[in-house]
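Reading through the structure tokens given below for one structure.
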Amino acid sequence: EVFDLMWRYGARDYRNIGHKAIFVANAYRTLEAIGWQHSEPVLRSLALGLLDFGKQQSVNGYAFEDQCYAGNLKRVKESFARLPDGWVAEDGDAAATRGILDTLRAAKPEEACADVAARLVKGTANQGAVWNAVHLAAAELRMRTRSQAILGIHTVTSANGLHYGFQAAYDAQMRFLILLQAAGWMSQFRNYAQSREENLRSFPITNLEPSADDAPLDRALAEIFAGIPKSVDASASRILRLARDPAGRQAFIATALRHTIAKADEVHYYKYLAAMIEDVPLVSPEWQPHLVAGMAYYIKGSQDAEPAAMKRAREALKGLGA
């Protein structure tokens, strides 16, 4: 019951590059793992985090009232009763997904939210199509970002946190609000990222083509990780081909995890990969290879060195005869 309040507060304000929604989702996950008898200190910390930044404080391009939250509260009030029963369906139509993704690429946040709400009310899209577009837009922003890599990473982890809240919230109106906020946040992230013209390149994730190279699995994996990060687009193309096969997808993710465990030298390598792995089965099957390919844009490659701590750990294990 308390968390049904917290989902709203997590989703209302993106200014800390999405950490408020991420914090609510991870607090819930943590208590599910360690037990709800620990809820009081977790909720105290969470409540403090959700109160970060005053209304007028401009952070990452927005003050509180500049964001899409107030408009989405109004849309929920006006539109929820008019939603068809099918709005909750998960099998997102491809045309609807592409249409919403085009909106998230170009529209202002308020326009994006209005477009999504209208599609849902008319029955021309369902929540599955909206989440498809949100996750694709999040991965695409990371692929497009030349500088400020942290922004593109948090687009992905924010979408992950919001989708987790959507799944966990009890109240249907709260889920509708979170869905609209997810669309708005993707537009807000993009709007802020492109405030510096040189920051974003044009690279639609839906234009990514699978490699024509039909190499055996071992060689394909070796070429993929040898190309990260210097030839990451070529590696992503190879991943897109590989990820269409369940065995190839599993082998790529397993290799990416091994590189992360051995070579990650800051926490976002874990956060980004974990979010992407969790999000892949949440989108329609035709878009899953695209999200897997998007993993290439913040993982370690075969040429990356292990950090000093890992080298010391390996030496210690050798000393034990392991």
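The values are calculated or read from the model by the stated rules, or taken from the named source; none is laboratory data. Keep in mind that what you see is a predicted model, and the values were worked out from it rather than measured. Here the Cβ is made from the backbone with ideal geometry for all residues, glycine too, and neighbour counts use every protein chain on show. For accessibility, only protein heavy atoms count, side chains too; no ligands or nucleic acids. Shrake-Rupley method; radii C 1.70, N 1.55, O 1.52, S 1.80 Å.
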Express the carbon and sulfur contribution to the solvent-accessible surface of segment 98-197 as a percent, rounded to the nearest whole number, probe 1.4 angstrom. 46 percent
Does anyone have the angle between helix 19-34 and the longest principal axis of the chain? Alpha-carbon axes, 0 to 90°, nearest 10? 70 degrees
Set Lys and Arg Cβ to +1 and Asp and Glu Cβ to -1, take the dipole of the chain about its Cα centre, and tell me which of 208, 51, 36 lies farthest positive. 51
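Mind checking the per residue accessible area of the chain for me, 1.4 Å probe, whole number of Å²?
46 Å²
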Helix 127-144 versus the longest principal axis of the chain: what is the Cα-based angle in degrees, 0 to 90, to the nearest 10? 50 degrees
Projecting each Cα onto the charge dipole of the chain (Lys/Arg +1, Asp/Glu -1 at the beta carbon, about the Cα centre), which of 309, 100, 69 comes out farthest on the positive side? 309
How would you order 299-309, 181-191 from highest to lowest mean count of nearby Cβ atoms within 10 Å? 181-191, 299-309
Given the options 87, 287, 36, state which has the largest fluctuation in a GNM of the chain using a 10 Å cut-off (strictly under) for Cα springs. 36
Pairs 77/122; 271/318; 77/271; 20/74; 74/271: which are spaced more than 24 Å apart, C-alpha to C-alpha? 271/318; 77/271; 74/271
Computed for segment 146-280: size of charge dipole around the Cα centre, +1 on C-beta of each Lys and Arg, -1 on C-beta of each Asp and Glu, debye to nearest 20, value 100 debye
Between beta-carbons, use under 9 Å as the cut-off and find the net charge around residue 127, counting Lys and Arg +1, Asp and Glu -1. 0
Across the Cα atoms of the chain, what radius of gyration and what greatest pairwise Cα-Cα distance (Dmax) are found, in Å? 20.2, 68
Row for segment 58-215, column shape: gyration tensor on C-alpha, a ≥ b ≥ c, rounded if a/c < 1.5 i.e. under 1.5, prolate if a/b over b/c, else oblate; value oblate
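Quote the charge dipole size of the chain about the Cα centre in Debye, to the nearest 20; the model charges only the Cβ of Lys and Arg (+1) and of Asp and Glu (-1).
560 debye
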Using alpha carbon coordinates only, what is the Rg to Rh ratio of segment 247-301, with Rh defined as the Kirkwood radius? 0.96
With no solvent and one equal point scatterer per Cα, compute the Debye intensity ratio I(q)/I(0) for segment 173-281 at 0.11, 0.21, 0.23 Å⁻¹ and report its log10, rounded to two decimals. -0.48, -1.26, -1.32
Could you tell me the relative contact order of the chain? Use alpha-carbon pairs under 8 Å, at least six residues apart, and round to a whole percent. 18 percent
Heavy-atom accessible area ranking, 1.4 Å probe, most first, across 164, 9: 9, 164
Given the -39500 (n - 2.57) contribution per DSSP H run of 4+ residues, what per-residue ellipticity at 222 nm results for the chain, rounded to the nearest 500 deg cm²/dmol? -20500 deg cm²/dmol
What do you get for the angle between helix 94-106 and the principal long axis of the chain? Use alpha-carbon atoms, 0 to 90 degrees, nearest ten. 80 degrees
